[in-house]
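Trainee: Below is the structure I would like to discuss, written out as structure tokens.
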Amino acid sequence: MKILIVTDAWEPQVNGVVRTLTQTRLELTRMGHEVDLLTPLEFRTLPCPTYPEIRLSLFPRRKVAARLDAFRPDALHIATEGPLGLAARAYARRHGLPFTTAYHTRFPEYVHARTRIPLPLTYRFLRWFHGPARAVMVPTPTVKRDLIAFGFPESQVVLWSRGVDLEIFQPGPPLPHVQKPPIFLCVGRVAVEKNLEAFLRLDLPGTKWVAGDGPMLETLKQRYPDAHFTGVLDQEGLASLYNAADVFVFPSRSDTFGLVLLEAMACGCPVAAFPVTGPIDVLGDSRAGVMDEDLRAACLKAMDIPRSEARAHAEKYSWRACTETFLSYLHPVEGGGQRTAAEADDGNALAREPQV
């Protein structure tokens, strides 16, 4: 098939959405499909308020329509709810094209953390945005339950898990210990929603490391001078860092999945986390990590976990299986993006739905 994926999250951002879409495109291509991505790299952009690393595309509707007209996809997937996602959604509604969407990030909770906008208001927007989609793909059963609780139809929300590259992330040479062990490591965006200070405030032996970039980086460097901040690393560098760490600490309470959990475990690094969405779904009842509301206790207990246990659990996840699931939920249009009469009628019916 010719598959078009529309995303507002793309390089040079380093996050789970970008990693997921990159790996999904790679696997789809290996499976023989033609995949095009519509990203902010093709548009004039401005930095997102409070989060300048995210670039918002300016007035994208006309160009998005032209790209869709030119590519004529067999299947359309809208990955994000930003300007490009809105423009693609509008095009699909006008032309009666079926499409799928994904819910990658706890968008309402992140907005609330930064602006205090009430959660019900943002979830109302999400119900409107995703409402016409043939399927809304979510990473875990917990996230599915959350969306259903906020009014999403149960039949619309489907599970699309995540994977890990077991060849890049595997036991191997560690990054040299530049500070005293044991090493407690956290990897991710250095931003308020990641709850990093819950980790950095802990009284732990050894050294705390943080890998990643974000709006709070300089502030946290000043507050916690004893912690070691590495900045953004490539995948090979991250693998070496995971191999150097004794425990991977995941303090976030808002992530929908947490790809870094899989990466750490694939390198044999056990996990310490709160018992919340993400860790609950990824760790399950495995012996690859410890979940506890007392994060310090979880960190200390995780030090006793054999690294082989963590690796064995990560080996249950593969990008090929995840991509096959993604593919199964797409809604192709016969004729390379040409509507059938029934689809046109369906699209006109969707267009008559009340708007917010």
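The values are calculated or read from the model by the stated rules, or taken from the named source; none is laboratory data. As the structure is a computational prediction, the values presented were derived from the model and not from experiment. Note that each Cβ is placed from the backbone with ideal geometry, even for glycine, and that neighbours are counted across all protein chains shown.
Trainee: Out of everything in region 67-86 that is surrounded by 18 or more Cβ atoms within 10 Å (Cβ to Cβ) and of a type in the set (Asp, Glu), what residue ends up being nearest to Thr323 (Cα to Cα)? Before the answer, list the steps.
Mentor: Initial filter on region 67-86 (surrounded by 18 or more Cβ atoms within 10 Å (Cβ to Cβ)): 67-68, 73-86.
If we keep only those that are of a type in the set (Asp, Glu) too, we end up with 74, 81.
On the way: Asp74: 17, Glu81: 21 Å.
Applying the filter and picking the extreme gives Asp74.
Trainee: Only one of Pro171, Pro181 is under 30 Å from Thr323 (Cα atoms) and either more than 21 Å from the chain's Cα centre (by Cα) or aromatic (Phe, Trp, Tyr) (or both); which? Even if it seems obvious, please write down each step before you answer.
Mentor: Values: Pro181 fails: under 30 Å from Thr323 (Cα atoms).
Sole residue among the options that is under 30 Å from Thr323 (Cα atoms) and either more than 21 Å from the chain's Cα centre (by Cα) or aromatic (Phe, Trp, Tyr) (or both): Pro171.
Trainee: For region 214-232, which residues satisfy the criterion of being under 19 Å from the mean Cα position of the chain (by Cα) and either among the basic types (Lys, Arg) or surrounded by 18 or more Cβ atoms within 10 Å (Cβ to Cβ) (or both)?
Mentor: Step one: of region 214-232, the residues under 19 Å from the mean Cα position of the chain (by Cα) are 214-215, 232.
Matches in region 214-232: Gly214 only.
So that you can scan it fast, the table gives a plain yes or no per residue for (1) assigned to a loop (DSSP other than H, G, I, E, B); (2) at pLDDT 95 or above; (3) surrounded by fewer than 18 Cβ atoms within 10 Å (Cβ to Cβ); (4) not polar (S, T, N, Q):
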position	(1), (2), (3), (4)
Ala65	no, yes, yes, yes
Arg93	no, yes, yes, yes
Pro98	yes, yes, no, yes
Thr105	yes, no, no, no
Pro120	no, no, yes, yes
Phe129	no, yes, no, yes
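Trainee: Also, quick follow-up: Within region 15-29, how many residues are among the β-branched types (Val, Ile, Thr), within 21 Å of Arg55 (Cα to Cα) and either crowded, with 19+ Cβ neighbours inside 10 Å or within 10 Å of the chain's Cα centre (by Cα) (or both)? Break it down stepwise before answering.
Mentor: In the first step, residues of region 15-29 are kept if they are among the β-branched types (Val, Ile, Thr); the result is 17-18, 20, 22, 24, 29.
From the residues that got through so far, the ones that are within 21 Å of Arg55 (Cα to Cα) too are 17-18, 20, 22.
Those still in the list that are either crowded, with 19+ Cβ neighbours inside 10 Å or within 10 Å of the chain's Cα centre (by Cα) (or both) too: 17-18, 20.
Matching residues across region 15-29 total 3.
Trainee: Inside region 126-142, can you point out the residues that are touching an Asp or Glu at 6+ places or on another chain (Cβ under 8 Å) and over 17 Å from Ala90 (Cβ atoms)?
Mentor: Within region 126-142, Pro139, Thr140, Pro141, Thr142 qualify.
Trainee: A further question follows. I'd like the full set of residues that are surrounded by fewer than 17 Cβ atoms within 10 Å (Cβ to Cβ), in a loop (DSSP other than H, G, I, E, B) and β-branched (Val, Ile, Thr), limited to region 136-186.
Mentor: Ile168, Val178
Trainee: I've got another one for you. Residues that are at pLDDT 95 or above and surrounded by fewer than 18 Cβ atoms within 10 Å (Cβ to Cβ): does region 191-198 have at least one?
Mentor: Yes, there is a match, as at least one residue in region 191-198 is at pLDDT 95 or above and surrounded by fewer than 18 Cβ atoms within 10 Å (Cβ to Cβ).
Trainee: Looking at region 292-315 only, could you name the residues that are surrounded by fewer than 18 Cβ atoms within 10 Å (Cβ to Cβ), at pLDDT 95 or above and not in a helix (DSSP H, G or I)?
Mentor: Asp292, Glu293, Asp294, Met303, Asp304, Pro306, listed by residue number.
Trainee: I need the full set of residues from region 227-269 which are charged (D, E, K, R) and either closer than 22 Å to Leu217 by Cα or part of a helix (DSSP H, G or I) (or both), in order please. Spell out how you get there, then give the answer.
Mentor: Initial filter on region 227-269 (charged (D, E, K, R)): 234, 236, 246, 253, 255, 263.
Result: Asp234, Glu236, Arg253, Asp255, Glu263.
Trainee: Look through Leu4, Leu56 and report the one residue that is in a strand (DSSP E or B) and buried (at least 22 other Cβ atoms within 10 Å of the Cβ).
Mentor: Numbers: Leu56 fails: buried (at least 22 other Cβ atoms within 10 Å of the Cβ).
Going through Leu4, Leu56 in turn, the sole match is Leu4.
Trainee: Does region 184-197 contain at least one residue that is within 23 Å of Val17 (Cα to Cα), among the small types (Gly, Ala, Ser), in the same structural domain as Gly237 (by TED's automatic domain parsing) and touching a helix residue (DSSP H, G or I) at 6+ places or on another chain (Cβ under 9 Å)?
Mentor: Yes, the conditions are met somewhere in region 184-197.
Trainee: If a residue must be assigned to a loop (DSSP other than H, G, I, E, B) and loosely packed, with under 15 Cβ neighbours inside 10 Å, how many such residues does region 30-53 contain?
Mentor: First, pick out the residues of region 30-53 that are assigned to a loop (DSSP other than H, G, I, E, B): 31-33, 39, 43-44, 49-50.
So of that shortlist, the ones also loosely packed, with under 15 Cβ neighbours inside 10 Å come out as 31-32, 44, 49-50.
Adding up the residues that qualify gives 5.
Trainee: Exactly one of (1) within 24 Å of Arg162 (Cβ to Cβ); (2) surrounded by 18 or more Cβ atoms within 10 Å (Cβ to Cβ); (3) among the charged types (D, E, K, R) is unmet by Glu11. Its number?
Mentor: All conditions pass for Glu11, except number (2).
Trainee: Please go through region 67-91 and give me each residue that is charged (D, E, K, R), outside any helix (DSSP H, G or I) and either outside the structural domain of Cys48 (by TED's automatic domain parsing) or in contact with a helix residue (DSSP H, G or I) (Cβ under 9 Å, 6 or more places away or on another chain) (or both), ordered by number.
Mentor: Selection gives Glu81 alone.
Trainee: Now a separate question. Within the set of pairs 6+ apart or on separate chains, which have a first residue in region 11-23 that is of a type in the set (Ser, Thr, Tyr), a second that is assigned to a helix (DSSP H, G or I), and C-beta atoms under 8 Å apart?
Mentor: Thr20/Leu259
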